[in-house]
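To keep things clear, I will list the structure first and then write my remarks on it.
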Amino acid sequence: MIPNDPILSTDPLDAIHGALEQALMALCPSLKGVWIGWPDPKWLENTGANLPSVFLVNVSQTAKSMTSRNLVYATVENEDGTFNVYYERERITYLLQLSLITTDPQQQLDIGWAIKQFLVNTIQLPINAVDTARFLLKDDHLISGIDNYYQRDLTFEVSARVLDGYVAHPNKTQQFNIDVSPQGG
């Protein structure tokens, strides 16, 4: 096992959220936040204060066990000369709905389009030091003007890995030079 490894101790959905939040906030500085789950209605009461925001809703998920393969996914060298060896235990496929909610119909179009283009073009978003989440667009819906809120729902199939790992020590065997030249003479 790799002790205190953030890659192994972080839920893939949390890792996806963290990477997505960082990328979308940099892409669209007018966003107030990227949140997991659907907001409490009270959160939306103060019109404009918390919007525009993106809500990441896990619609469904499936998992495929990869234990029979036990293939090394990545290795990372440590400062002490050892290596963290990561292998894929399971692949999770999420159906994620990214719901942009805003009070401005133009933001609904502009921010929604920017997010869609970013994820369609990025395809694989780095979610930690060794893994990426793969995004595949499934659906795009505009919902306009309900109670002065404008919503755009982008649905993606997102796959990520559940990794396991261990610390490997490099082979420290000594090499000997053997003289095989003919003796005598």
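Is it the case, given these coordinates, that Thr93 is within 15 Å of Leu56 (Cα to Cα), in contact with a Lys or Arg (Cβ under 6 Å, 6 or more places away or on another chain) and surrounded by fewer than 19 Cβ atoms within 10 Å (Cβ to Cβ)?
No: the conditions fail for Thr93.
Based on this model, can you work out whether Leu96 counts as in contact with a helix residue (DSSP H, G or I) (Cβ under 6 Å, 6 or more places away or on another chain), aliphatic (A, V, I, L, M) and in contact (Cβ under 8 Å) with a residue 12 or more places away in the chain?
In short, no.
Which residue is nearest to Ser99 (Cα to Cα), if the candidates are limited to the range 12-34 and must be in contact with a helix residue (DSSP H, G or I) (Cβ under 8 Å, 6 or more places away or on another chain) and not in a helix (DSSP H, G or I)?
Val34
Being in contact with a Lys or Arg (Cβ under 7 Å, 6 or more places away or on another chain) and either under 30 Å from Ile146 (Cβ atoms) or part of a helix (DSSP H, G or I) (or both), is that true of even one residue in the range 116-126?
Looking for residues that are in contact with a Lys or Arg (Cβ under 7 Å, 6 or more places away or on another chain) and either under 30 Å from Ile146 (Cβ atoms) or part of a helix (DSSP H, G or I) (or both), one finds none in the range 116-126, hence no.
Out of the residues in the range 101-118 that are among the polar types (S, T, N, Q) and in contact with a strand residue (DSSP E or B) (Cβ under 7 Å, 6 or more places away or on another chain), which is farthest from Val158 (Cα to Cα)?
By that ranking, first place goes to Thr103.
Just one of Glu88, Glu77 is among the acidic types (Asp, Glu) and either open to solvent by less than 80 Å² (accessible area, probe 1.4 Å) or in contact with a Gly (Cβ under 6 Å, 6 or more places away or on another chain) (or both); which is it?
Glu88 is the lone residue from the list that is among the acidic types (Asp, Glu) and either open to solvent by less than 80 Å² (accessible area, probe 1.4 Å) or in contact with a Gly (Cβ under 6 Å, 6 or more places away or on another chain) (or both).
Here is a check on your reading of the model: is Gln108 polar (S, T, N, Q) and open to solvent by less than 80 Å² (accessible area, probe 1.4 Å)?
When the stated conditions are applied, Gln108 passes them.
Return the only residue of Lys42, Lys64 being in a strand (DSSP E or B) and open to solvent by 80 Å² or more (accessible area, probe 1.4 Å).
Matching residue, one of Lys42, Lys64: Lys64.
Do the conditions hold for Ala49, that is, is it under 17 Å from the mean Cα position of the chain (by Cα) and either surrounded by fewer than 18 Cβ atoms within 10 Å (Cβ to Cβ) or within 25 Å of Asn148 (Cα to Cα) (or both)?
No; evaluated as a whole, the condition is false for this residue.
Yes/no matrix, rows are residues, columns are (1) β-branched (Val, Ile, Thr); (2) crowded, with 17+ Cβ neighbours inside 10 Å; (3) under 12 Å from the mean Cα position of the chain (by Cα); (4) farther than 21 Å from Leu31 by Cα:
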residue: Val120; (1), (2), (3), (4): yes, no, no, no
residue: Leu125; (1), (2), (3), (4): no, yes, yes, no
residue: Leu142; (1), (2), (3), (4): no, no, no, no
residue: Arg161; (1), (2), (3), (4): no, yes, yes, yes
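The values are calculated or read from the model by the stated rules, or taken from the named source; none is laboratory data. Computed from a prediction, not measured in an experiment: that's the story for all the values here. Every residue, glycine among them, receives a Cβ derived from its backbone with ideal geometry; neighbour counts consider all protein chains shown. Surface areas here come from the heavy atoms of the whole protein model, side chains and all, with no ligands, DNA or RNA. Shrake-Rupley method; radii C 1.70, N 1.55, O 1.52, S 1.80 Å.
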